[in-house]
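The values are calculated or read from the model by the stated rules, or taken from the named source; none is laboratory data. Note that the coordinates shown come from a computational prediction; the quantities given were computed from them, not determined experimentally. So basically every Cβ, Gly included, is an ideal-geometry build from the backbone, and we count neighbours across all protein chains shown.
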């Protein structure tokens with residue numbers, strides 16, 4: 001089974017984790033779309049008696065406060081949210097100033113992200 005749908009909420013993370021962890025061959029790692037969903041994965045794993053990260057590695061995305069409020073603390077991808085907001089406002093202001101231009105302009109702007117390694121990941125368990 002591949003990716004599971006989620007709606008970036010804790011509850012949808014619970015549902016996706018239940019589907020994945022009830023498979024005959026459950027995954028040894030789950031990368032969630034955000035830290036709330038990753039926190040839910042950790043909760044389901046604990047409820048099922050799985051050790052995180054011994055039996056299951058979990059990685060989130062966003063580096064929100066949720067990533068340090070669960071046990072074990074989540075490995076996650078840090079996004080520079082303040083810089084993202086500043087850049088978006090700057091792009092918007094430039095477009096407003098160019099009000100005489102015809103049509104919309106697509107702007108791609110990449111900002112640095114960072115892997116924040118915490119206690120929720122380990123090497124995969126040996127194959128049976």
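Scanning the range 10-23 for residues that are in contact with a helix residue (DSSP H, G or I) (Cβ under 8 Å, 6 or more places away or on another chain) and loosely packed, with under 14 Cβ neighbours inside 10 Å gives a single hit, 11. Looking across the range 46-85 at every residue that is within 21 Å of residue 22 (Cβ to Cβ) and part of a helix (DSSP H, G or I), the one that is nearest to the chain's Cα centre (by Cα) is identified as 46.
The C-beta contact set for the range 99-128 (first residue loosely packed, with under 12 Cβ neighbours inside 10 Å, second residue part of a loop (DSSP other than H, G, I, E, B) and at pLDDT below 90, distance under 9 angstrom, 6+ apart or interchain) comprises 105/98. Candidates are the residues of the range 43-67 that are loosely packed, with under 15 Cβ neighbours inside 10 Å and without any contact (Cβ under 8 Å) to a residue 60 or more places away in the chain; the one that is farthest from residue 122 (Cα to Cα) is 65.
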